[in-house]
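Presented below is the structure to which this report refers.
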Amino acid sequence: MTLRPTIAFAKFAAPKKGSAFVFAADGGGLGEAALACDPAGALARAFPVADFSGKFASSAEVLAPQGSSLDRLVAIGAGKAASLDDYAWLKLGGAVAAALRKASEVAVVLDLPDLQPDGCQAASLAAGILLRSYSFDKYKTRKDKDDGQSEAKGAGAKKIDAKAAKVTIHCADPAAAKKAFADEVAVIDGVLLARDLVNEPANALGPIEFADRAKQLEALGVEVEILTEKEMRKLGMGSLLGVAQGSPRGARMAVMRWNGGKAKDAPVAFIGKGVTFDTGGNSMKPASGMEDMKGDMGGAAAVTGLMHALAARKAKANVVGVIGLVENAVDGHAQRPGDIVTSMSGQTIEVLNTDAEGRLVLADALWYTNDRFKPKFMVNLATLTGAIMVALGQHYAGLFSNNDELAGRLFNAGQASQERLWRMPLGPEYDKLIDSKNADMKNIGGRYGGAIIAAQFLQRFVKDTPWAHLDIAGTAMGAPSSEINQSWGSGFGVRLLDRLVRDHYEG
């Protein structure tokens, strides 16, 4: 993987070597600590030439500034002080990371003319640096010439000899920043775990390998139980196992439990679709773009990353994470259109399209979670439908819910984390579209409203428990690059759901 910068916090001091980053307010004004880094006024002379005015996330730099021992002096625009919320500082951290390049020693001076950012804002800046610095390159044996890393010779050769950048953030309260950052790192590591899982190729990450990755959370104190096909068959999970029957790799269900709350408190539950590769089965997908179906486990990745985040920061809540892990492959044993399967709930499903498989996996996972754990609520995440991308594009995920309070809390958590959600409708008019003449229901409806019909299908497996379905097909993989993510896998959902738990279900 890409070398991860190391982060430290210190009191204000003018750096003597390496690269120095300062922040300029709207209009180009610098704070006292920033001015101390540039006694010769090199930036003031450079700003007009670079047409730099402090616009948010813009930058201007001076190489080997005159009268200074620094290698580089970089100004990052902070824009208007009134607009600097936690997410803005996260994005500014991304702007710093984007300009790091080959720097090995970096000082970031965190002050502005009319604002002295607090410890939490300094921690958000640091978190943004880590998020933007991520890239997935573990399978590259030869590095680009401009990445500061040596070229490997032969398979298995050690391929990285560069040093990670050492970043020191100079701020008003380094002790508070360090404390806040410890909490941030737990969440960031959960995001990066989710990105890793989504980015892995399907030949390296099948259901069994994914279950093994979930099992590693035991090192953080998470209780992890792995259900095999034999155990799921005994539980009657015919809906999930029908999806898996065309693959020789088998199916697994990982049940993760973090017990950070009071012993008698009912848990909150998160359920993820984990189709490690989706050919579409006998209703096969077009060849063009099928390689992206390695990311069809983005919901399971988010749940796994969330459980890592909650355990690493010792969240004071009881949380259950359940992920159904299958590969939807094609061979002589694969499920056929027209097959009827019996779910764990006892309800029968006519499978008219084997490419509408994620809802079949989630049906059993939702019922199992509800039946065993009696949670306060359930939230499932799934890269479920292309239809949600037609409706919302790739900047919002779809939110469906049977409970207004839960939906409102999720929406607000999305606004705060900027992993944004938009509520979509549910209703009996849509529900009747999945009634079947041959079984209790069918797994597809008509041509229109595909994302809604998928949600209606899932609702039949949650009883009266407060529940929300997040369709993250457009946001978990291949989403537009941003200030804090340049990776194909985004880790969408980890920060959102951590915020939900943090704001409403701890203590």
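If the requirement is being under 21 Å from residue 96 (Cα atoms), among the acidic types (Asp, Glu), open to solvent by 40 Å² or more (accessible area, probe 1.4 Å) and at pLDDT 95 or above, which of these qualifies: 223, 209, 184, 218? Can you show your working first?
Numbers: 223 fails: under 21 Å from residue 96 (Cα atoms); 209 fails: under 21 Å from residue 96 (Cα atoms); 218 fails: under 21 Å from residue 96 (Cα atoms).
None of the others qualify; the one that does is 184.
Output the residue which, of all residues in region 60-71 that are open to solvent by 20 Å² or more (accessible area, probe 1.4 Å) and modelled with pLDDT of 90 or more, is nearest to the chain's Cα centre (by Cα). First the steps, then the outcome.
Narrowing region 60-71 to residues open to solvent by 20 Å² or more (accessible area, probe 1.4 Å): 61-64, 66-69, 71.
Cutting the leftovers down to modelled with pLDDT of 90 or more gives us 61-63, 71.
Values: 61: 32, 62: 35, 63: 36, 71: 35 Å.
So the residue we want is 61.
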Does region 75-89 include one or more residues that are touching a strand residue (DSSP E or B) at 6+ places or on another chain (Cβ under 6 Å) and farther than 18 Å from residue 482 by Cα?
yes
Count of residues meeting criterion [touching a strand residue (DSSP E or B) at 6+ places or on another chain (Cβ under 6 Å), among the β-branched types (Val, Ile, Thr) and under 14 Å from residue 244 (Cα atoms)] in region 328-346
1
Looking only at region 22-42, and only at residues there that are open to solvent by less than 30 Å² (accessible area, probe 1.4 Å) and touching a Ser or Thr at 6+ places or on another chain (Cβ under 9 Å), the one that is farthest from residue 129 (Cα to Cα):
42
Let me spell it out: the conditions are (1) crowded, with 23+ Cβ neighbours inside 10 Å; (2) not in a strand (DSSP E or B), and residue 321 meets all of them except one. Which number is the exception?
(2)
Quick one: would you say residue 257 is on the phi < 0 side of the Ramachandran plot, surrounded by 24 or more Cβ atoms within 10 Å (Cβ to Cβ) and more than 19 Å from the chain's Cα centre (by Cα)?
no
Set 346, 338: member being in contact (Cβ under 8 Å) with a residue 60 or more places away in the chain, on the phi > 0 side of the Ramachandran plot and more than 22 Å from the chain's Cα centre (by Cα)
346
Go over the candidates 410, 392 one by one and state the one that is at pLDDT 95 or above and either crowded, with 22+ Cβ neighbours inside 10 Å or not hydrophobic (A, V, I, L, M, F, W, C) (or both).
410
Could you say whether any residue in region 365-386 is under 21 Å from the mean Cα position of the chain (by Cα) and open to solvent by 20 Å² or more (accessible area, probe 1.4 Å)?
yes
Hey, can you tell me all the residues within region 301-318 that are open to solvent by less than 10 Å² (accessible area, probe 1.4 Å) and touching a helix residue (DSSP H, G or I) at 6+ places or on another chain (Cβ under 7 Å)?
301, 302, 304, 305, 306, 307, 309, 310, 311, 315, 317
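The values are calculated or read from the model by the stated rules, or taken from the named source; none is laboratory data. Here the structure is a predicted model, which is why all the values come from computation and not from measurement. Neighbour counts run over all protein chains shown; Cβ positions are idealised from the backbone, glycine included. When the accessible area is computed, the model is the full protein with side chains, heavy atoms only, and any ligands, DNA or RNA have been set aside. Shrake-Rupley method; radii C 1.70, N 1.55, O 1.52, S 1.80 Å.
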